[in-house]
Amino acid sequence: MIDKRSTADEAVASLQDGMTIGIGGWGSRRKPMALVAALLRAQLKDLTIVSYGGPDVGILCAAGAVSKVVYGFVSLDSIPLEPHFRRARQSGSIGVDELDEGMLQWGLYAASLRLPFLPTRAGLGSDVMSRNPHIKTIQSPYNSEETLVAMPAIELDAALVHMNRADALGYAACLGPDPFFDDLFCMAAKTRIVSCEEVVDSEALAQYGAASLLLDRTMVDVVVEAPGGAGFTLCPPDYERNEAAQKAYVATAKDPDALQAYLTEFTASTGRAK
């Protein structure tokens, strides 16, 4: 069996400018902030970020690393609007594909199945379709009166996700109540990088039970041990969201000098919880 352990910087070294990168987690929950910090150290630019977004999207936008964001939402949960993403969106400095949350899920699922699209009702009758004219509709072959959205596959060059525990082979467990779609991000990507709170042996990992094992070794290329690697975001049961740290991050949106200092510190650090 292959030992897939690596450092964050080694893990992102193969990524290139212009790639489409999916980032797991949900809002300000279980975001792979240690890996985001490694992206900034690699000085990657012109990235397309696919995310149920939180501070991962905001920090990358603030650092000028992003050309486009594909998202179902971008929020800090306890603070509804992510300020740095909001500024980039309102200024027009980034392109966007604004999707219904279910459409984003279905796009990842289609890519994971190596299908060009999947039919869905999500998005019908909404401005999602007028804002995304590249997304087409189809008639059901079984009910000619029903129109469905043909959600195109969202193929990823790389996926970055954060788990609670993993072994050296690439099996990984989510121990919190919100696994959401990290498995789909990994299955939709060519390169899959997983950070975790702790690397444990396979026997210890198995004790968490099959329901917690969200990722298997076929879905993971690199494992990075990063205690506190979800930064100030929520990562149960290991730690709660650091609300004070999140508020300090949000405050940098009002002060360009404070933002630059924050980005410098974040990039130089491991991106870990404080």
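The values are calculated or read from the model by the stated rules, or taken from the named source; none is laboratory data. Please read all numbers here as calculations on a predicted model, not as lab measurements. Every residue, glycine among them, receives a Cβ derived from its backbone with ideal geometry; neighbour counts consider all protein chains shown. To get the accessible areas, we keep the full protein, side chains included, count just its heavy atoms, and leave off ligands, DNA and RNA. Shrake-Rupley method; radii C 1.70, N 1.55, O 1.52, S 1.80 Å.
What the phi angles of segment 126-140 give under the Karplus curve with 6.51, -1.76 and 1.60, with θ = phi - 60°, is a coupling list of 10, 6, 4, 6, 6, 7, 10, x, 6, 8, 9, 10, 9, 8, 4 Hz, glycine and proline written as x.
Going through the cross-link list Lys68/Lys247; Lys4/Lys68; Lys68/Lys190; Lys4/Lys247; Lys4/Lys31; Lys4/Lys190, which pairs have a Cα-Cα distance over 27 Å in this structure? Numbers along the way, then the final one.
Values: Lys68/Lys247 25 Å; Lys4/Lys68 30 Å; Lys68/Lys190 19 Å; Lys4/Lys247 36 Å; Lys4/Lys31 21 Å; Lys4/Lys190 16 Å.
Pairs exceeding 27 Å: Lys4/Lys68; Lys4/Lys247.
Share of carbon and sulfur in the accessible area of the chain stands at 52%, probe radius 1.4 Å. Distance from the C-alpha centroid of segment 142-180 to that of segment 45-67: 19 Å, rounded to the whole angstrom. In the chain the longest region clear of GluC sites (Glu not before Pro) that are loop-assigned by DSSP and have at most 16 other C-beta atoms within 10 Å covers 1-144. Multiplying the residue separation of Met1 and Asn143 by 0.36 nm and removing their Cα-Cα distance gives an extension gain of 46.2 nm.
Each part reduced to its alpha carbon centroid, segment 210-274 and segment 73-91 end up 17 Å apart. When the Cα positions of Gly125, Leu108, Val149 are compared along the charge dipole of segment 95-152, Leu108 comes out farthest toward the positive end, with charges on each C-beta of Lys, Arg, Asp and Glu.
For segment 66-75, 3J(HN,Hα) computed residue by residue from phi via the Karplus equation (6.51, -1.76, 1.60; θ = phi - 60°) reads 10, 9, 7, 10, 10, 8, x, 5, 9, 8 Hz, glycine and proline entered as x. In this label model, Gln260 and Gln43 are separated by 1.7 nm, measuring between points 7 Å along each Cα→Cβ vector. Computed from the C-beta positions of Ala206 and Ala244 and an R0 of 51 Å, the FRET efficiency is 0.85 to the nearest 0.05.
If you take all other residues with their beta carbon under 14 Å from the beta carbon of Ala168, and give Lys and Arg +1 and Asp and Glu -1, the sum is -4.
Before I look further, what does the chain give for accessible area per residue, probe 1.4 Å, in whole square angstrom? Don't skip to the end; give the middle numbers.
Values: 12040 Å² over 274 residues.
Normalised by residue count, the accessible surface of the chain is 44 Å².
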